[in-house]
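Below: one structure, written as structure tokens.
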Amino acid sequence: MIFDPLRGRWVTAAAAAALVFLAVYPWFASRFMVTVLVQCLIMAILAMSLDLMVGYTGLASLGHAAYFGTGAYAAAIMSVHYKMGFPEALAVGLLAAVAVTAVFALVALRATGVYFLMITFALAMLVWGLAYRWNSMTGGENGIAGVQRPAFIAGTTAFYYFVLAIAVCVFAFFAVLVRSSFGRTLMGIRESESRMRTLGYNVWLHKYIIFLLSGLFSGLSGVLWVYYDSLVAPPLVDLGTSFDALLMVSLGGGGTLVGAVLGALIFKMMENLVNLFTDRWLTVVALVYITVVLLAPQGIIGLLRDLAERREARVKAFGAAGRADAPARKEGSR
Amino acid sequence: MKRALVGLSVLAAALVLGLILAPRGGAAEKGPIRIGLLTSKTGVLAIHGAHQMAATEAFKDKYGTTVAGRKVEFYAEDDQRKVPLGVTKVRKLITGDKAHIVMGGLFASTGYAIAPLGDQYQTPIFVWSCPDDLSQRKRFKFVVKYFSCSQPQHAMAHWLRQNKPQVKKVIIFGPDYAFGYESSGGFQKVFEDMGGQVVQKIYAPINTVDYGPYIGQFRKDADGMFVTLAGPQALRFPKQYQQAGLRDKYVLVGNGTNTDEFALAAQGEDVLGWITAHIYGGAAYPSKDNQEFVTNFKKHLGGKDPGYYAEGYYGALVLIYKAIEAIKGDVENKAKFMEALGRTKVTEGMPAGPKVSDGYGNLNTNVYIRDVRKDASGKLYHHVLHVYEDVTQFWTYKPEEFLKQPVYEKDFPPCKFCQ
Amino acid sequence: MNFWITQLFNGFSYGALIFLLAMGLSLIFGVMQVINVTHGTYFLVGTYVGLTILMTTGNFYLAMLGGALVIALVGILIERFFLRRLRGNDLGQVLITFGFVLLLQDAILLIWGPDPKLMAEPKSISFTANIGGFTFPSYRLFVIAVAAAVAAGLWLFENKTKFGSAVRAAVDDVEMASGMGVDVPRVFTVVFGLGAFLAGLGGVLSGPWLGLQYGLDLEILPYAFVVVIVGGMGSLKGAVLASLIVGLVDNFGKGFFPEFAYFTLFLPMAVILAVRPQGLFGRTL
């Protein structure tokens, strides 16, 4: 058996420790650091949703700002223009995100590989264009301000626990999903679409369903973001958001839910704290993009795995026993 | 691989360090007074951030970093000209840096977005930009602001009717968000109340690249234009307007941002003769206070002239110090601090003349009508044609009457003469 | 009538400028299958380099050439040392090009500062042309002329030179071209350099028209993407036609449906994606 950082008893222990840490975090962290972690958790939901497609199914979407943004805008419009309560606005936000995803996925799934990237990117511009120019509905450049949280989650700490609970549930649901036979089919599609098709799987339908789920949960994170930030404006829907979401997935390690969470955590922390050290945050973020792509294509989780494998190999070498079945990590998607 | 691991561990170490350092200050009860500054150091409006940081340095030179016997610390944050990020940064300044007051907000839309945070955290916010309604119908307990977008433009309309009565039919052109609507609305209201007619209103998104489509729509039967340009528009529009051969077609008046010093050198001859109204007379305005400010400012920005983006930042800081002095440095009592901010009055040392609180969270101020001229060395500057003194945000209307109408919006005042 | 002619001309000239930006993007995508998000930033950096050359030499045409060459060099370096190592990794390539957007943006701030700047056009093309009672800014005529010359040059290159036919073969099918003895890495480097060259050229040309403003790169990039998608990736004919469509739709859209200005631009793109994903003149997927 080789050591895998994502398996074994110690994982249970680490997960428990992480949960306890998150649960007691607001007791010792400043209010500011609590809000930073709220951002991290909301973005973790977005990153996990995206990872379902990018990491598990091999569908690299470059337009997740669209689904995130649709959820955010729909909830804000309902809350501010139509004075809806939180549950109703949440419902409309999720519905809107799913509706947009349902249409966009139809168009995008006709393509694969780099064309899929391009098309999802282009479709997301459509949503941005509407957000930016449809003034009477979206407020245009001004955006929509004044979204109020309901009383039970009005406080920073209360909202933190609320978001934490949702994030944990989403994580658990996704974890079950990717281990189900449905999830294994997705990974089969990632490795070889044609083989799965020969085996009689409806590849298109699997892709469509995972796209819908991904859009739904991206919408959820968008709704939560609006209730965290109390406003929504076009920069939230622009290509920067789509790219950042992808970077979070790549940074942590695609194809692992923990990686997506880790990526979101590190990226958002960095965004909030990097200016303590330097004014050149653009360069810092740029270097993260370049470094991750060149040196850690499988993200942090991938690095840990490699490290573990190498140690394992050294141990094996001592025992003079060769290992024939070293699992090869896949590179790229083409 | 090894290099990557080293890189990542450095990153991780930096993050941990950040976590430890993050809740700066805050511990000592009566430590320094912390002023949070919000500006744009990167993004499309990075130039304004540079001007405002230089203005802050010029301010420190003159007024020091001690006020009412307490040390003052400044925390500057960059919103990258993104409204949502501005909100995040203000939240950070208040909860993370424990700022006693936050000042800034480059855009009217940023102002509207950050204002609710003042009441939420019971912390004063000095909105440096000009969203009208924050001192009119949508007032917040913990928010004051520097001026109203429409405030100088009421005067612009008055001046135009008085001095160029032959201009009767005017086209309004502006950026498609609060700043454009409120500036244009203020102009339209007074202009039409004085017998003029606005015959066309066109709003373009701030990031418009090619103005051809808009310029092509300008009505040929109009004789004047009221133009508001924000950020990058100030560079692109004048050039394309000139290239379209419209220079002598319309009498062009507009907002002071059109020819602000930050862009003036780059704009060149295209804006020669443009008439604008603003709360600042320009870097060349010969008052003693202004010239002292300009000299100070230039030291911090490679000899460049300050415009209103710099003057406003500087002026707001003077007012904040004044309020702190009034409460003898007791900024921890935020209600008292807020109250003092709401009744400041500074008559001396201000580059743009006296600033007096009007009791609505706004300042009465001078409005300068300027045109752009060229001096002997070929450098462009603002020549002040007229100064309206002590102008309120309500112009000459009664506040109660004024507040009965809605805030200036895209469709308010309605365009009665647009056919 | 006047309105229509003016708007037609405006749309035409803006389309010409967009063509210079989009053609390179389209070629790079068509041949190398790289979504080069840095392309808009090449355009902008090109403007700044052009300005510096103009200030030192006083010659606008030299600035056009120099700006384009410098950007071509930047593009070649990025292709050679970064993109080539990531061949086949679509996601990695697009992420790294976004990294370079941020890096180059910061470089602009460091080197040229945040001040907006304006570039003067040469006196010889700074007048308002009067043709049949209509006034046209001569500078826009000049841009149209340059774009037309570039399009013609590219057509000759693709159809009359050996290397050009290698490029066309690569657009059609890289593997096949490689099998036929085409030196694929060299084609990639040349195509990337050429694409960057065109972006730099367009950038310098935009100087006296749009001004130099930090942030322009991401404002103009969507237009280029629409052209690439509508026209078809790698297709010269498609890029020419789509640029004109985009210029005209942008003009008339802003005139007639101001609230949906971007929507009118992106909608044709979405429709094309839905019914003909390879674009008007693209090869079949």
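Residue by residue, here is whether (1) closer than 27 Å to B:Asn207 by Cβ; (2) over 15 Å from the mean Cα position of the chain (by Cα); (3) in the same structural domain as B:Thr396 (by TED's automatic domain parsing) holds:
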| residue | (1), (2), (3) |
| --- | --- |
| B:Ala68 | no, yes, no |
| B:Lys71 | no, yes, no |
| B:Pro84 | yes, yes, no |
| B:Arg91 | yes, yes, no |
| B:Ala99 | no, yes, no |
| B:Leu117 | yes, yes, no |
| B:Val127 | yes, no, no |
| B:Gln136 | no, yes, no |
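Does the range B:94-119 hold any residues that are in a helix (DSSP H, G or I), more than 7 Å from every other protein chain (Cβ to nearest Cβ) and within 23 Å of A:Thr241 (Cβ to Cβ), and which are they?
B:Thr110, B:Ile114, B:Leu117
Which count do you get for residues in the range B:83-133 that are charged (D, E, K, R), crowded, with 24+ Cβ neighbours inside 10 Å and under 22 Å from B:Gly180 (Cα atoms)?
Result for the range B:83-133: 1.
Among the numbered criteria (1) over 25 Å from B:Pro32 (Cβ atoms); (2) away from chain C (no Cβ under 13 Å); (3) in a loop (DSSP other than H, G, I, E, B), which one does B:Asp330 miss?
That leaves (1) as the condition not met.
Select the helices (runs of 4 or more DSSP H) contained entirely in the range B:145-262, then report the ones holding at least 3 residues which are touching a Lys or Arg at 6+ places or on another chain (Cβ under 9 Å) and over 24 Å from B:Asp358 (Cα atoms).
B:212-215, B:233-243
Among helices (runs of 4 or more DSSP H) lying entirely in the range A:165-249, which contain 1 or more residues that are at pLDDT 95 or above and within 14 Å of chain B (Cβ to nearest Cβ)?
A:203-229
Would you tally the residues in the range C:96-146 being within 10 Å of chain A (Cβ to nearest Cβ) and surrounded by fewer than 16 Cβ atoms within 10 Å (Cβ to Cβ)?
The qualifying residues number 1.
Do you know which residues across the range A:145-170 are over 21 Å from A:Ser49 (Cβ atoms) and under 24 Å from the mean Cα position of the chain (by Cα)?
A:Val147, A:Arg149, A:Ile153, A:Thr156, A:Thr157, A:Ala158, A:Tyr161
Of C:Gly75, C:Gly24, C:Gly88, C:Gly11, which residue is farther than 20 Å from C:Tyr214 by Cβ, part of a helix (DSSP H, G or I) and within 11 Å of another protein chain (Cβ to nearest Cβ)?
Answer to the check: C:Gly11.
Inspect the range A:121-132 for any residue being under 20 Å from A:Tyr56 (Cβ atoms), surrounded by 22 or more Cβ atoms within 10 Å (Cβ to Cβ), under 18 Å from the mean Cα position of the chain (by Cα) and of a type in the set (A, V, I, L, M, F, W, C) and give the result as yes or no.
Looking through the range A:121-132, none of the residues is under 20 Å from A:Tyr56 (Cβ atoms), surrounded by 22 or more Cβ atoms within 10 Å (Cβ to Cβ), under 18 Å from the mean Cα position of the chain (by Cα) and of a type in the set (A, V, I, L, M, F, W, C).
Just the residues that are more than 7 Å from chain C (Cβ to nearest Cβ) and at pLDDT below 90, please, taken from the range B:221-239.
Answer for the range B:221-239, where residues must be more than 7 Å from chain C (Cβ to nearest Cβ) and at pLDDT below 90: B:Ala230, B:Gly231, B:Gln233, B:Ala234.
Has the range B:283-300 got at least one residue that is crowded, with 24+ Cβ neighbours inside 10 Å, farther than 24 Å from C:Gly11 by Cβ and touching a Ser or Thr at 6+ places or on another chain (Cβ under 7 Å)?
Taking every residue of the range B:283-300 in turn, none turns out to be crowded, with 24+ Cβ neighbours inside 10 Å, farther than 24 Å from C:Gly11 by Cβ and touching a Ser or Thr at 6+ places or on another chain (Cβ under 7 Å).
Identify the single condition in (1) surrounded by fewer than 24 Cβ atoms within 10 Å (Cβ to Cβ); (2) under 26 Å from C:Asn2 (Cβ atoms) that B:Asn207 does not satisfy, given that it satisfies every other one.
Only one criterion in (1) surrounded by fewer than 24 Cβ atoms within 10 Å (Cβ to Cβ); (2) under 26 Å from C:Asn2 (Cβ atoms) is unmet by B:Asn207, namely (2).
Just for the range C:235-267: of the residues that are touching a Pro at 6+ places or on another chain (Cβ under 8 Å) and β-branched (Val, Ile, Thr), which one is nearest to B:Gly216 (Cα to Cα)?
C:Val249
On the basis of being surrounded by fewer than 22 Cβ atoms within 10 Å (Cβ to Cβ) and either hydroxyl-bearing (Ser, Thr, Tyr) or on the phi > 0 side of the Ramachandran plot (or both), does B:Gly245 make the cut?
Against the criterion (surrounded by fewer than 22 Cβ atoms within 10 Å (Cβ to Cβ) and either hydroxyl-bearing (Ser, Thr, Tyr) or on the phi > 0 side of the Ramachandran plot (or both)), B:Gly245 qualifies.
As an exercise: evaluate A:Gly113 against (1) within 8 Å of chain C (Cβ to nearest Cβ); (2) of a type in the set (Gly, Ala, Ser); (3) within 24 Å of B:Pro84 (Cα to Cα) and give the number of the one condition it does not meet.
(3)
Which count do you get for residues in the range A:118-147 that are out of contact with any Leu (no Cβ under 6 Å at 6 or more places or on another chain), at the interface with another protein chain (Cβ under 9 Å from one of its Cβ atoms) and part of a loop (DSSP other than H, G, I, E, B)?
3
Regarding B:Asn362, is this residue of a type in the set (S, T, N, Q), buried (at least 19 other Cβ atoms within 10 Å of the Cβ) and over 19 Å from B:Leu134 (Cα atoms)?
No, not satisfied.
So which residues in the range B:269-293 are in a helix (DSSP H, G or I) and in contact with a helix residue (DSSP H, G or I) (Cβ under 9 Å, 6 or more places away or on another chain), if there are any at all?
B:Glu269, B:Asp270, B:Val271, B:Asn290, B:Glu292, B:Phe293 - these are the residues of the range B:269-293 that are in a helix (DSSP H, G or I) and in contact with a helix residue (DSSP H, G or I) (Cβ under 9 Å, 6 or more places away or on another chain).
If you check B:Val384 against the conditions, is it among the β-branched types (Val, Ile, Thr) and more than 19 Å from the chain's Cα centre (by Cα)?
Answer is yes for this residue.
Among helices (runs of 4 or more DSSP H) lying entirely in the range A:1-116, which contain 2 or more residues that are among the hydroxyl-bearing types (Ser, Thr, Tyr) and at pLDDT 95 or above?
Filter on the range A:1-116 gives A:64-80.
Scan the range B:74-93 residue by residue and report those that are facing chain A (nearest Cβ under 8 Å) and assigned to a helix (DSSP H, G or I).
Matches in the range B:74-93: B:Val83, B:Pro84, B:Leu85, B:Val87, B:Thr88, B:Arg91, B:Lys92.
The values are calculated or read from the model by the stated rules, or taken from the named source; none is laboratory data. Since the model is a prediction, treat every value here as computed from it, not as a measurement. Counting neighbours? That spans all protein chains shown, and the Cβs are built from the backbone with ideal geometry, glycine included.
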